[in-house]
Amino acid sequence: MTEISFSELSMNPYEKIGKEWMLCTAGTEGNYNTMTCSWGHLGSLWNLPTAICYVRPQRHTKAFIDREETYTLCFFPEEHKKALGYLGSHSGRDGDKVAAAGLTPVHEDGYTYFAEASLVLVCRTLYQAPLKEEFFRDQAVMDKNYPGRDFHDLYIGQIEKVLVSE
Ligand SMILES: Cc1cc2nc3c(=O)[nH]c(=O)nc-3n(C[C@H](O)[C@H](O)[C@H](O)COP(=O)(O)O)c2cc1C
């Protein structure tokens, strides 16, 4: 993979995250976990290139993101969409789902990404907070997305590295 600057990145985040999906991964060799995410943001905050991902409390991956300084967001060519579907419907609690999905983890400097990815954002968590019932200003959005009141934690990460496939 080749490193580029965030300014060189050109994409539609709504399509890329919402429609193509991404993997959010934290941890290192022998002790990492990953999950599919289709909710997130990319942009500018505190004069830094930043990404936000949203993780429900019951996800196994959450403990890894909570524990580690960095997490990665990986985007893939269309041919790997089935693998993302698998990783978004199986838990790392129940076995080696990455092997089952056929992806190849690459472990580097305290974070993990996947060899098949076309784009990797290495993010250092700057801020973490749970969404809260009392702060919703649209009751219908809350009721629709949180019938079990299992509110996501959001993780604002500084994008420290952007890697693209060669
Ligand atoms: C297309 C798709 C998008 C998803 N997006 C999110 C998301 O943004 N946040 C989240 O908490 N879970 C999301 N999930 C659910 C997790 O990926 C799923 O529960 C996964 O199995 C969790 O794995 P884990 O228990 O190993 O962490 C999504 C699932 C799919 C299939």
>> Sorting check: for 136-143, 158-165, which peptide has the highest mean count of neighbouring beta carbons within 10 Å, and how do the rest follow?
In response: 158-165, 136-143
>> So if I average 1/r over every pair of distinct C-alpha atoms in the chain and take the inverse, what Kirkwood radius in Å does that give?
In response: 16.2 Å
>> Could you check the spin-label model distance between Ser89 and His107? Points 7 Å from the Cα along Cα→Cβ, value in nm.
In response: 3.0 nm
> Tally Lys and Arg at +1 and Asp and Glu at -1 over the other residues with C-beta under 15 Å from the C-beta of Asp109: what net charge comes out?
Replying inline: -4
> Using 0.36 nm per residue, how much length does the chain from Glu3 to Ser44 gain when fully extended, once their Cα-Cα distance is taken away?
Replying inline: 12.8 nm
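Give me the extension gain from Glu29 to Arg137: residue separation times 0.36 nm, minus the current Cα-Cα distance, reported in nm with one decimal. Mind showing how you got there, number by number?
Values: separation 108, 0.36 × 108 = 38.88 nm, distance 4.17 nm.
Between Glu29 and Arg137, full extension yields an extra 34.7 nm.
What shape does the range 27-100 take by its C-alpha gyration tensor, where a ≥ b ≥ c are the square roots of the eigenvalues and a/c under 1.5 counts as rounded, a/b above b/c as prolate, and the rest as oblate?
It is oblate, given that a/c is not under 1.5 and a/b is not larger than b/c.
All of the numbers you see were taken from the coordinates with simple rules; none came from a lab. This structure is a prediction, so every number in the text was calculated from the model and none was measured. Reconstructed Cβ throughout: ideal geometry from the backbone, glycine too, with neighbour counts over all protein chains shown.
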